[in-house]
Structures are given as C-alpha cells and as structure tokens.
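The values are calculated or read from the model by the stated rules, or taken from the named source; none is laboratory data. Owing to the predicted nature of the structure, the values given are computational and were not obtained by experimental measurement. Positions of Cβ are backbone-derived with ideal geometry, glycine not excepted, and every protein chain shown enters the neighbour counts. Just the protein is used for accessible areas: all its heavy atoms, side chains included, with ligands, DNA and RNA removed. Shrake-Rupley method; radii C 1.70, N 1.55, O 1.52, S 1.80 Å.
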Amino acid sequence: MTDSKSLPGSKSLPDAVHAWAESVLGPLTVVRDASHPRSGSRVWEVTNQRDGARHFVKISPTPKFFARETRAYRQTAPALGRGLEQADAA
C-alpha cells in the first residue's frame, strides 16, 4: 500500500480512522494526503483495493463544521438532484 506517511510534510491517516475506513470500504491500496494548505485541514484520498474506487476521508476540525457538512450531504446535495452528477461526468 502506498501511503502519505512516506511523503515529507504530509499528514498521515490516523490508525483508528484508517481501520474505520477499511471496515466500511474494504482494504485500501492507496492513501494520499489531500488536505488543503491551511491549518486544521485533514483530508485523505483513499483507493479501494477491490475495485479501484476513489473515496475521500475527512476529519472535521470542529463539531460545527461537521454538522454543517453533514447537513449539506444529507439534505442540500440530494435536493440539487442529478444535474451535478451529470455535469461532473461531462
């Protein structure tokens, strides 16, 4: 597995979060630091070993940010409909 621990200056995926991601997604082959260049940003791109699907794992910096983003994914994004998915595919 390639992971961000070998990249200078990158943030490595905490072991507990890595274990959780694998319990949900299955074995991971690649873990890459995808954090934004600001303090508090903790984002990783992971690749599923079974099908090569890419996913993003994120640790929210505060409960407020977590609540905001969770609401966006659960309520706002579905309300936008399939238009965004089709635009991304183009």
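In table form, for the structure just shown:
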{"quantity": "Added length on full extension, which subtracts the Cα-Cα distance from 0.36 nm per residue, Arg71 to Trp20", "calculated": "16.2 nm"}
{"quantity": "Environment charge at Lys58 (Cβ cut-off 9 Å; Lys +1, Arg +1, Asp -1, Glu -1)", "calculated": "0"}
{"quantity": "Cβ-placed point charges (K, R +1; D, E -1), dipole of the range 13-81 about Cα centre in debye, nearest 20", "calculated": "360"}
{"quantity": "Arg82, Arg50, Arg42, reordered so the largest accessible area comes first (probe 1.4 Å)", "calculated": "Arg50, Arg82, Arg42"}
{"quantity": "Size-normalised alpha-carbon gyration radius of the range 21-70, reference 2.2 N^0.38 Å", "calculated": "1.25"}
{"quantity": "Segments 33-39, 11-17 sorted - mean Cβ within 10 Å per residue, highest first", "calculated": "11-17, 33-39"}
{"quantity": "Lys/Arg +1, Asp/Glu -1 at C-beta; the range 24-65 dipole; positive extreme among Ser41, His55, Leu28", "calculated": "Ser41"}
{"quantity": "Accessible surface, per residue, of the range 35-74 when the full set of protein chains is kept, probe 1.4 Å, Å²", "calculated": "78"}
